[in-house]
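What follows is one structure encoded as structure tokens, with my remarks underneath.
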Amino acid sequence: MHVTDRSLPPDLHRDTLAVRVALERSQYGENSEALYLTSSFVQPDAETSARRFAGTEEGFTYTRTSNPTVASFEQRLAALEGTEAAIAASSGMGAILMMCMGLLKAGDHVVCSRSVFGSTLGLIGTQFAKFGVETTFVSQTDVAQWRDAIRPTTRLLFAETPTNPLTEVCDIRTLAGLAHDAGALLAVDNCFCTPVLQRPAELGADLVIHSGTKYLDGQGRVLAGAICGPSKLVHDVFGPVVRTAGMALSPFNAWIVLKGLETLGIRMQAQCASALALARWLEAQPGVARVYYPGLASHPQHELAMRQQAGLGSAVVSFDVQGETPEAARRNAFHVIDSTRVCSVTANLGDTKTTIAHPATSSHGRLSETQRQAAGIGQGLVRLAIGLDHITDIQTDLLRGLGTLAP
Ligand SMILES: *Cc1c(COP(=O)(O)O)cnc(C)c1O
């Protein structure tokens, strides 16, 4: 008898994996992956049910534990990151919470960049401090600070690169070496780069964190998150956390992000190309004091970024609007933001629609002025997250404000 093997062959390119990796088709042969919008699964009989609940037989029981649409998203993301496995979460913060609950206990110590996402600072530095986990926050770019902060109780190093909004880049391979010498793990939040630009696991990171809310969905529709890493950690450490703590990803949101992954490559290429062109153009504008973008030769970690990020700078560009005093700089930044008619004024990023934000009064608005200055977030700073709008329209949109700044 002739049997046709329709399983995926080995050694496929990532572009192909992004549109193909998923659980098997159902008996109906759907070409687009099915959305299994169900909270529980009917068992064929009590014996099978018992084995599945005991974990001795594979099979779906309840969506907090697993779901075929969620599993398809997990498999596809792991294939793109080049990790053995992935586990989904209800949001990026849900993924970081899952990681901390799985890895940390009272008495453990964490070393974390002080430039990571604000809610990450709050979760690790404040919420987990209540449970006896101590965290040392260090410079994003000064490796000596990371090395000096490590203690015998250090269990985890946590980094994000490039950072929001100043796009500072850290060296993943170096931090992985420091972590492993200390018997600790390195986790990298890969939200800004996605596996299209940067695969932290290939550079030695143990865990890769995602906010699927950003580029993985890419169209600003849903919240989602994931941890990518070795099967053993994903299944034995994080699986029990999501099953008991319940930060499970909804199948609907998983389906949205699963389909988002299919266009991630072309979106990232296009958005990064526009971002580079816009960053170069901004550097030449009279009203602009400084541009922060890893793709520019003027960026302090330009060479590292180009090596680590597949030669692309990411799609986030920040710039300082000129201003003699902090008040004047803020007035000018607000003028530029309020003069736009195409850009969306929102603190979100990773959308096809270009977004514009004022970090000092949004993402970093809760910091004191001293903390904000230490973080380098000035009142004139404007952050753009470049989408798929035509670049000329974005330039015209920005010029409306930049071209009419008070001298
Ligand atoms: C948005 C974001 C998160 C949090 O993700 P949510 O899906 O909003 O919970 C974490 N890290 C980075 C870098 C982010 O930009």
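Each reported figure results from applying straightforward, stated rules to the coordinates on display, with no laboratory input. Everything quoted here is computed from the prediction, not taken from an experiment. Neighbour counts run over all protein chains shown; Cβ positions are idealised from the backbone, glycine included.
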**Q.** Cβ crowding within 10 Å averaged over residues, with 256-262, 124-130 ranked highest first
**A.** 256-262, 124-130
Q.
Between segment 256-282 and segment 354-407, how far is it from one alpha carbon centroid to the other, in angstrom?
A. 19 Å
(Q) List the lysines whose Cα sits under 18 Å from the Cα of residue 130, skipping any in the same chain fewer than 8 residues away. (A) 105
Q) What area, in nm² and to one decimal, does the C-alpha convex hull of segment 191-277 cast on average over all directions? A) 6.3 nm²
Q: Return the FRET efficiency for the residue pair residue 25, residue 51: r is the Cβ-Cβ distance, R0 is 35 Å, and the value is rounded to the nearest 0.05.
A: 0.90
**Q.** Rg ratio (alpha-carbon, reference 2.2 N^0.38 Å) - segment 268-407
**A.** 0.99
Q: Subtract the Cα-Cα distance of residue 284 and residue 366 from 0.36 nm times their separation in residues, and report this length gain in nm to one decimal.
A: 26.3 nm
Q) What is the gain in length, in nm to one decimal, between residue 11 and residue 324 on full extension, counting 0.36 nm per residue of separation less the C-alpha to C-alpha distance? A) 107.0 nm
Q | Sum of side-chain charges, residue 119 neighbourhood, beta-carbon under 15 Å (Lys, Arg +1; Asp, Glu -1) | A | +1
Q: Averaging sequence separations of C-alpha pairs under 8 Å and six or more residues apart, then dividing by the length of segment 14-262, give the relative contact order as a whole percent.
A: 26 percent
Q: List every residue whose amide H lies under 5 Å from the amide H of residue 61, counting only residues 5 or more places away in sequence or on a different chain, with H placed 1.01 Å from N in the peptide plane.
A: 66
Q.
Which of 81, 57, 134 ends up with the largest GNM mean-square fluctuation for the chain, with Cα atoms connected below 10 Å?
A. 57
Q: Return the tail of the calculated pair distribution for segment 1-98, meaning the percent of Cα-Cα pairs more than 23 Å apart.
A: 39 percent
Q: For segment 312-320, just list the computed ³J(HN,Hα) in residue order, Karplus coefficients 6.51, -1.76 and 1.60, θ = phi - 60°, integers in Hz, with x standing in for Gly and Pro.
A: 10, x, 5, 10, 9, 10, 10, 8, 8
Q: Starting from the Cα-Cα distance between residue 105 and residue 236, subtract it from 0.36 nm times their residue separation and give me the gain in nm to one decimal.
A: 45.5 nm
Q | Rg/Rh (Cα only; Kirkwood hydrodynamic radius) as it applies to the chain | A | 1.00
Q) Among 14, 155, which comes first, second and so on when ranked by fewest other beta-carbon atoms within 10 Å? A) 14, 155
Q: Pull up all non-local amide H partners of residue 344: gap of 5 or more, or a different chain, and H-to-H distance under 5 Å with H placed in the peptide plane.
A: 354, 355, 356
(Q) Using +1 at the C-beta of Lys and Arg and -1 at the C-beta of Asp and Glu, which of 59, 31, 82 has the Cα lying farthest in the positive direction of the dipole of segment 14-262? (A) 59
Q) Which order results if 84, 74 are arranged by neighbouring Cβ count within 10 Å, fewest first? A) 84, 74
Q.
Neighbour counts of other C-beta atoms within 10 Å: give me 180, 210, 335 arranged from fewest to most.
A. 180, 335, 210
Q | DSSP beta bridge pairing in the chain, given as percent antiparallel to the nearest 5 | A | 55 percent
(Q) If amide hydrogens are placed 1.01 Å from N in the peptide plane, which non-local residues have theirs closer than 5 Å to the one on residue 135? (A) 110
Q) Running Debye on segment 101-245 with equal point scatterers at the Cα sites and no solvent, what base-10 log of I(q)/I(0) appears at q = 0.10, 0.11 Å⁻¹? A) -0.32, -0.39
